[in-house]
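S.K.: Structure provided below as structure tokens; questions to follow.
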Amino acid sequence: MAKYKKQKDGRYHTTISTGQFTADGKPINKSLAARTIHELDEKVAEYRHQSNVNALIFDSATTFEEFSIQWLKVTKKGKSIATNAMYENVFKHFDKINNVPLQSVSRIALQNIINDNIEHPRICQQIKMTLKQIFAYALSEHLVNSNPAEMLELPRRVVSEKRALTKEEIEKMPLEKFLGKLGWSDPAEWNYLD
């Protein structure tokens, strides 16, 4: 039974979540009122029934692509342009598993996607992060039994060492470029060199 509040006019009132969210992530609620608790119970039941009829239904035949597109629409709606561009880029790497039923996607298939992009460590991080989020959501919806993206291994990042410039390199470098490397990109600051 929903939580009801009696209004000054004698009617009972409640709010129910629609399952949708505003652009800033706040839940959208539906307000219902009736003269009796019994009438309000019926209104709540009818609204919930209509909501379930209109809701997306996922089953064992739902493909990874179908679910991931809905996941993106539901959970990432209203995110920044850069975030949406990142997800759009990451989704391009899922071609091999798009037509596979969500329940049949294996850890090996996901690791192969990472291994195919091993020369791009940042892309691999984004792929793993996205897959973990998608499967965590599928797990919360009871569509999968475990999260196959949980134990994915990322390639090691090789950090190139920075070295100091030699005296010959500094002498060959134009003055503007050298001062820019020192953080003096504004010519107005150069008078301090005198």
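S.K.: Which numbered condition trips up THR83, out of (1) exposed (fewer than 14 other Cβ atoms within 10 Å of the Cβ); (2) outside any loop (DSSP other than H, G, I, E, B); (3) at pLDDT 90 or above?
M.R.: For THR83, the failing item is (3).
S.K.: Continuing with the same structure: Among (1) within 30 Å of THR75 (Cα to Cα); (2) surrounded by fewer than 16 Cβ atoms within 10 Å (Cβ to Cβ); (3) not aliphatic (A, V, I, L, M), there is one condition LYS172 misses while meeting the rest; what is its number?
M.R.: It is condition (1) that LYS172 fails.
S.K.: To continue, here is another question. Just wondering, is there one or more residues in region 129-138 that are at pLDDT below 90, surrounded by 11 or more Cβ atoms within 10 Å (Cβ to Cβ) and not in a helix (DSSP H, G or I)?
M.R.: No, every residue in region 129-138 fails to be at pLDDT below 90, surrounded by 11 or more Cβ atoms within 10 Å (Cβ to Cβ) and not in a helix (DSSP H, G or I).
S.K.: Within region 101-125, work out how many residues are open to solvent by less than 30 Å² (accessible area, probe 1.4 Å), assigned to a helix (DSSP H, G or I) and under 17 Å from ASN89 (Cα atoms).
M.R.: So the answer is 4.
S.K.: Can you find a residue that is open to solvent by 100 Å² or more (accessible area, probe 1.4 Å), at pLDDT 65 or above and not hydroxyl-bearing (Ser, Thr, Tyr) anywhere in region 182-189?
M.R.: yes
S.K.: Let me ask something else. Checking the condition modelled with pLDDT of 80 or more and among the acidic types (Asp, Glu), which residue from GLU176, GLU150 passes? Before the answer, list the steps.
M.R.: Details: GLU176 fails: modelled with pLDDT of 80 or more.
It is GLU150.
S.K.: If you don't mind, there's one more thing I want to ask. I need the full set of residues from region 8-23 which are surrounded by fewer than 10 Cβ atoms within 10 Å (Cβ to Cβ) and modelled with pLDDT of 70 or more, in order please.
M.R.: As a first pass, look at region 8-23 and keep what is surrounded by fewer than 10 Cβ atoms within 10 Å (Cβ to Cβ): 8-10, 23.
Listed by number, the residues that qualify are LYS8, ASP9, GLY10.
S.K.: Here is a further query. Just name the residue that is modelled with the lowest pLDDT out of those in region 153-169 that are under 38 Å from the mean Cα position of the chain (by Cα) and open to solvent by less than 100 Å² (accessible area, probe 1.4 Å).
M.R.: For region 153-169, the residue satisfying everything is SER160.
S.K.: May I pose another question? Could you look through region 86-100, keep only residues that are in contact (Cβ under 8 Å) with a residue 24 or more places away in the chain and farther than 23 Å from VAL144 by Cα, and pick out the one that is least open to solvent (accessible area, probe 1.4 Å)?
M.R.: In this case the residue turns out to be MET86.
The values are calculated or read from the model by the stated rules, or taken from the named source; none is laboratory data. Computed from a predicted structure; not experimentally measured. No Cβ is skipped: glycine too gets one built from the backbone with ideal geometry, and neighbour counts run over all protein chains shown. Side chains included, ligands, DNA and RNA excluded: accessible areas come from the protein's heavy atoms. Shrake-Rupley method; radii C 1.70, N 1.55, O 1.52, S 1.80 Å.
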